[in-house]
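K.L.:
Mind having a look at this structure? Questions to follow.
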Amino acid sequence: MPLWSDIAAEIADFRRRIRDLPVLPDVTPEALRAELEPKYRFDRPVALETLTADVMRLLRTHQVQVTHPRYFGLFNPQVREAGIVADTLAALYNVQLAVWSHSPAGNELERLALRALATRIGYDPDGMLAQFTSGGAEANLCSALSALAHRFPTWATEGVAALGTRPAIYVSSESHHSFVKLAKMTGLGTSSVREAPITDDLTLDPVALERLIEADRAAGWSPLLIVGTAGTTAAGIIDPLPELAAVARRTGAWFHADAAWGGGALMSDTLRPHLDGIALADSVTWDAHKWLSVPMGGGMFFCRHPEAVRHAFATVHTYMPKETPGGTVDSFQVTPQWSRRMTGLKVFMSLAELGVEGYGGLVDHQAAMGRLLREKLAAAGWTLVSDTPLPVVCFTHPDIAAGTLAIDDLVTRVYAHRQAWISPVVLAGRVRALRACITSYETGQKDLDALIVELERARRGDAG
């Protein structure tokens, strides 16, 4: 069929052509709406071949190309072909994973991938429960709900108001803000998110954390959740996981490791030691769609306490299958989702195609590019402002420190040339810097050189 030939050609050619595309679009909301609204009034059919060609054109020209090797932005990676094939097959068969019996193949393929990744964390795959989620925010929500079920068994039936105490969630200023959102969603309230002090190297301070917990306890709070981040969004900082686990043990809190991006380091034998202590966590968030180079929607939640997860999510029902084969898990009983597509097929297929060693090679390459970018920035006169073994680089320039160059102006100039994407960032709530993250496994030295050229051009204010 011509339609599928065109789609196959788009997929096959995209990786080869990606460097020829501008990284950023050049379009305004008004211009795009003026183009689309007269064409798509939904008052008459549009031939699928015509529609598909137009959508491909729009996505090719009117979005930030997050799979571009010179996209040094948020954790949206260049995706592997296996992931594209997997998502296509998941859509074709419309796999429903709410219950095991509806798709034995789908459930077991996901289970294989999750068990393999659990061993990289250091979990016993037979003593834990893991599920795919929509992303890290949902996985972090699962951690809080599982902690509530574990710490306060009556919570599931009586609610937060009946606890007689105020559960507290302990984070640092560098933690992901999904914990603020989940505090609203769970009814704990945003005041339950307690921001603990950080050290000069931006890590959560275990000593200051324990002091804060004891002071809070005297004021009527109960420690619910301590969050250690393994690769912060802003600067890739890894909190002291073993020390935080020890604080959690002493205070009775649930210890959660948010490794949404940094979990990818577990695939590398070189980087994995930097995440020592993650196996001590009661639960772990890990997003495959960040550093494992699969399409969006591949979050994962791992937990060492299966019964707490079941207590948090299990429901009584009359219209779902009541009996499941021994040793199987029905997804709707252990996650916030009910209906769920097969989001884990792309992880299974990518892991099967590459193997753990192959994945480790991709991760090591990106880490090496991060180190090389630091060297090139320093050689060009830029100043590094944070340190991490992970491939995210925060930096500034003496001109910025002197007040003769504004960060926002520099970023705007970089964007105007459309050849690279970086972002401004605030560290420790006060230090403004520039941030560049290696998100593509194809980013190479020439791409780093191109970024330096763009930064220098923007710093000088060159128009050409």
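Bear in mind these aren't lab numbers, they're just calculated from the coordinates by the rules spelled out. Everything numeric in this text was worked out from a predicted model, so none of it was measured. Virtual Cβ from ideal backbone geometry, glycine too; neighbours counted across all protein chains shown.
K.L.:
Rounded, prolate or oblate: pick one for the stretch 9-91, where a ≥ b ≥ c are the square roots of the eigenvalues of its C-alpha gyration tensor, a/c under 1.5 means rounded, and failing that, prolate if a/b is larger than b/c, else oblate.
P.N.:
Verdict is oblate for the stretch 9-91.
K.L.:
Filter the trypsin sites (Lys or Arg not before Pro) in the stretch 292-398 down to the DSSP loop ones having no more than 14 other Cβ atoms within 10 Å, then list what survives.
P.N.:
Lys322
K.L.:
A further question on this structure: Looking only at Cα atoms, what is the convex hull volume of the stretch 87-350 per residue, in Å³?
P.N.:
120
K.L.:
May I pose another question? Could you give the size of the charge dipole of the chain about its Cα centre, using +1 on the Cβ of each K and R and -1 on the Cβ of each D and E, expressed in debye and rounded to the nearest 20? Please report the intermediate quantities before stating the final value.
P.N.:
Values: 44 positive and 51 negative charges, 97 e Å.
My answer is approximately 460 debye.
K.L.:
Determine the shape class of the stretch 143-195: with a ≥ b ≥ c the square roots of the Cα gyration tensor eigenvalues, call it rounded for a/c under 1.5, and otherwise prolate if a/b is greater than b/c, oblate otherwise.
P.N.:
prolate
K.L.:
Could you work out the helix-only [θ] at 222 nm for the chain, with each DSSP H run of four or more residues adding -39,500 (n - 2.57) and the total divided by the number of residues, to the nearest 500 deg cm²/dmol?
P.N.:
Estimated from H runs of four or more residues: -14000 deg cm²/dmol.
K.L.:
Ok, one more. Out of all DSSP beta bridges with both ends in the stretch 184-315, state the antiparallel percent to the nearest 5.
P.N.:
Details: 7 of 15 bridges.
The answer is about 45 percent antiparallel.
K.L.:
I've got another one for you. Straight-line reach from Lys290: which aspartates and glutamates fall under 17 Å, measuring Cα to Cα and dropping same-chain residues less than 8 apart?
P.N.:
Glu81, Asp87, Glu138, Asp258, Asp364, Glu442
K.L.:
Given contacts defined as C-alpha pairs under 8 Å and at least six residues apart, what's the relative contact order of the chain, whole-number percent? Could the numbers behind the result be given before it?
P.N.:
Values: 819 pairs, mean separation 103.0, N = 464.
Once divided by the residue count of the chain, the mean separation gives 22 percent.
K.L.:
Rounded to the nearest 5, what % of DSSP beta bridges with both residues in the chain are antiparallel?
P.N.:
Expressed as a percentage, antiparallel bridges in the chain total about 55.
K.L.:
Moving on. Can you give me the span-like helices of the chain, meaning DSSP H runs with 30 Å or more of Cα extent along the axis and Kyte-Doolittle mean at or above -0.5? Working shown, then result.
P.N.:
Numbers: long enough: 345-379 (42 Å, 0.38).
The answer, listed by residue number, is 345-379.
K.L.:
Here is a follow-up. Straight-line reach from Lys39: which lysines have a Cα under 22 Å away, not including same-chain ones fewer than 8 places off?
P.N.:
Result set, ordered by chain and number: empty.
K.L.:
Express as a percent, rounded to the nearest 5, the fraction of DSSP beta bridges in the stretch 87-350 (both residues included) that run antiparallel.
P.N.:
Close to 40 percent.
K.L.:
So if I place +1 on the C-beta of Lys and Arg and -1 on the C-beta of Asp and Glu, and nothing else carries charge, what would the dipole magnitude of the stretch 2-69 be about its Cα centre? I want it in debye, nearest 20.
P.N.:
180
K.L.:
What does the charge count near Asp13 come to, summing +1 for each Lys or Arg and -1 for each Asp or Glu among other residues with Cβ under 13 Å from its Cβ?
P.N.:
Once all neighbours under 13 Å are counted, the net charge is +1.
K.L.:
Which one, Pro45, Thr157, Ala245, is farthest towards the positive end of the dipole of the chain when Lys and Arg carry +1 and Asp and Glu -1 on their Cβ?
P.N.:
Result: Pro45, furthest along the dipole toward the positive end.
K.L.:
If the only charges are +1 at each Lys and Arg Cβ and -1 at each Asp and Glu Cβ, what is the size of the charge dipole of the stretch 87-350 around the Cα centre, to the nearest 20 debye?
P.N.:
That gives the stretch 87-350 a dipole magnitude of about 560 debye.
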